[in-house]
1. At 0.36 nm per residue, and after removing the present C-alpha to C-alpha distance, how many nm does the segment from LYS89 to ASP18 gain when stretched out fully?
2. Measure up LYS14/LYS46; LYS14/LYS54; LYS54/LYS92 against 25 Å on the Cα-Cα distance and list the ones that go over.
3. Just to be sure I understand the model, the point goes 7 Å from the Cα along the line to the Cβ. What's the resulting HIS81 to ILE5 distance in nm?
4. Based on the mean of other Cβ atoms within 10 Å per residue, sort peptides 84-96, 108-120 so the most packed one is first.
Amino acid sequence: MEREIKFRAWDGEKMMDDIPLDGSRLDINDFIYGSALKIMQFTGLKTGEDYEEKEIYEGDIIFNHTIDREEAGIVEFSDIHHAYIIRYKDKKGRPQDFDLMHGDEHNFEIIGNIYENPDLIKQ
């Protein structure tokens, strides 16, 4: 199955969806003047019908209903696993990873993202 390559960006105030690969919707001033522009890539996965099917991007805060966890985690790309993961913190505050590609994406629920909803993640 071919996965679509897509991006979104957070400019410090609002989320810009479907940023083209050539960056034509990005303002060059965002790079020149060092704004808080953050680029997030689409993982190629979507949540299931039970959770209002949505595309899963880097930086999303997600509940994984396939494992027994009470906290949400952050979607990140792992250089170690060479895959997208959900990064959780265990009870002692140590990072724990769950490989998105080995989960059942239909049991993922996006509850926010790290830029618009940072309060959803325990520090």
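1. Taking 0.36 nm per residue and subtracting the Cα distance, the gain is 22.6 nm.
2. Flagged as over cut-off: LYS54/LYS92.
3. 2.3
4. Result, highest mean first: 108-120, 84-96.
Computed from the coordinates by the stated procedures, all read-outs in this text should not be read as laboratory data. These numbers come from a predicted model, not from an experiment. All Cβ positions, even for glycine, are placed from backbone atoms using ideal geometry, and neighbour counts span all protein chains on display.
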